[in-house]
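A short worksheet on the structure shown next.
The values are calculated or read from the model by the stated rules, or taken from the named source; none is laboratory data. Bear in mind the structure is a predicted one, so any value in this text is a computation, not a measurement. Cβ placement follows ideal geometry from the backbone for every residue including glycine, while neighbour counts extend to all protein chains displayed. Remember, those area values only see protein heavy atoms, side chains included, never the ligands or the DNA or RNA. Shrake-Rupley method; radii C 1.70, N 1.55, O 1.52, S 1.80 Å.
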Amino acid sequence: MDFLPKHIEALIFCSPSPLGIEEIQKCLTEMFESEVPVDHILEAIDALHEKYSNDDFSFALENIAEGYQFLTKPAYQASISILLRQQSHKRLSIAQLETLSIIAYKQPVTKTEIEHIRGVNCDYSIQKLLEKELVTIKGKSDSVGRPLLYGTSEKFMEYFGINSLVDLPQPKDFSQEENQIGEEKA
């Protein structure tokens, strides 16, 4: 099975989003017309991970959003930052980030609940987040009018480089001093 890492490498490389073990196995099984054991796939992924951890490569194989994807190494962050800044038209606005964070922490949540927390209309932000596929419609609420329920998508996990919502920072992780306005009176 010396050829297996190369096939897996090609699959992960061409996938626009993190590729899960099941997807890899399904592709390989169809290609080889025989079931490829998961442990062989994991061994090949370990070999690829070791290969790309070498300093000869500017990218590495990472496990994110319950899948595998090639990502640029942190040492090249400055170059990437310049490119991303030049492509900033794709960035999230402050309103979109606020709306997205409410959805991430309160999901499933209705538009009315989001607007109650933010204090402003969120139609445009929600629409843009849906277009960017960071948010999905999770169903309808049982409350009056049966409003839509919003939640985060797999693309959200990929965008922020996390495996699950548990990886999101918790309120206790934020320092109080940084979030206070004015002077504290004793």
Which aspartates and glutamates does K111 reach when only Cα atoms under 17 Å apart count, and residues fewer than 8 places away in its own chain are ignored?
-> E98, D123, E131, E133, D142
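Under a point-charge model restricted to the Cβ atoms of Lys and Arg (+1) and Asp and Glu (-1), what is the dipole moment magnitude of the chain relative to its Cα centre, in debye to the nearest 20? Before the final figure, lay out each step's value.
Values: 18 positive and 30 negative charges, 226 e Å.
Once rounded to the nearest 20, the dipole reads 1080 debye.
Roll a 1.4 angstrom probe over the protein heavy atoms and tell me the percent of accessible area of the stretch 80-169 that is carbon or sulfur. Please list the in-between numbers first.
On the way: 3220 of 5710 Å².
Percent of accessible area from carbon and sulfur atoms in the stretch 80-169: 56.
Within the chain, what's the longest run with no chymotrypsin sites (Phe, Trp or Tyr not before Pro) in a DSSP loop and at most 14 other beta-carbon atoms within 10 Å? Give the range, please.
Working: sites that count: F3, F57, F174.
For chymotrypsin sites (Phe, Trp or Tyr not before Pro) (loop position, at most 14 other Cβ atoms within 10 Å), the longest site-free span of the chain is 58-173.
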The list (1) 1.06; (2) 1.01; (3) 1.72 gives values of Rg/Rh (Cα atoms, Kirkwood Rh), and only one came from this structure; which label was calculated from it?
-> (1)
Listed residues H40, H49 arranged by accessible area, highest first, probe 1.4 Å = H49, H40
Accessible area of S81, 1.4 Å probe, to the nearest 10 Å²?
-> 50
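Could you compute the longest span of the chain free of GluC sites (Glu not before Pro) located in DSSP loops and having at most 16 other Cβ atoms within 10 Å, not counting the site residues? Show your work: numbers first, answer last.
Details: sites that count: E33, E35, E66, E133, E183, E184.
For GluC sites (Glu not before Pro) (loop position, at most 16 other Cβ atoms within 10 Å), the longest site-free span of the chain is 67-132.
Which pairs, out of K106/K128; K128/K172; K6/K132; K73/K128; K73/K106; K26/K138, put more than 25 Å between their alpha-carbon atoms? Please list the in-between numbers first.
Numbers: K106/K128 19 Å; K128/K172 30 Å; K6/K132 32 Å; K73/K128 29 Å; K73/K106 32 Å; K26/K138 27 Å.
Those over the limit are K128/K172; K6/K132; K73/K128; K73/K106; K26/K138.
Under the rule that an exposed site lies in a DSSP loop and has at most 13 other Cβ atoms within 10 Å, name the longest stretch of the chain with no trypsin sites (Lys or Arg not before Pro) of that kind, not counting the sites themselves. Could you put the intermediate results ahead of the total?
On the way: sites that count: R91, K185.
The reported range is 92-184.
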Probe 1.4 Å, accessible area per residue of the chain, Å² | 69
List the relative contact order of the chain as a percent without decimals, with contacts defined as Cα pairs under 8 Å and 6+ residues apart.
-> 17
Going toward the positive end of the dipole of the stretch 10-142, with +1 on Lys and Arg Cβ and -1 on Asp and Glu Cβ, which of F32, Y105, G20 do you reach last?
-> Y105
Which residues qualify? For Y68, with a placed amide H closer than 5 Å and at least 5 residues away or on another chain, they are L19, G20
Dividing the helical contributions, -39500 (n - 2.57) per DSSP H run of n ≥ 4, by the residues of the chain yields a 222 nm value, nearest 500 deg cm²/dmol, of -13500 deg cm²/dmol
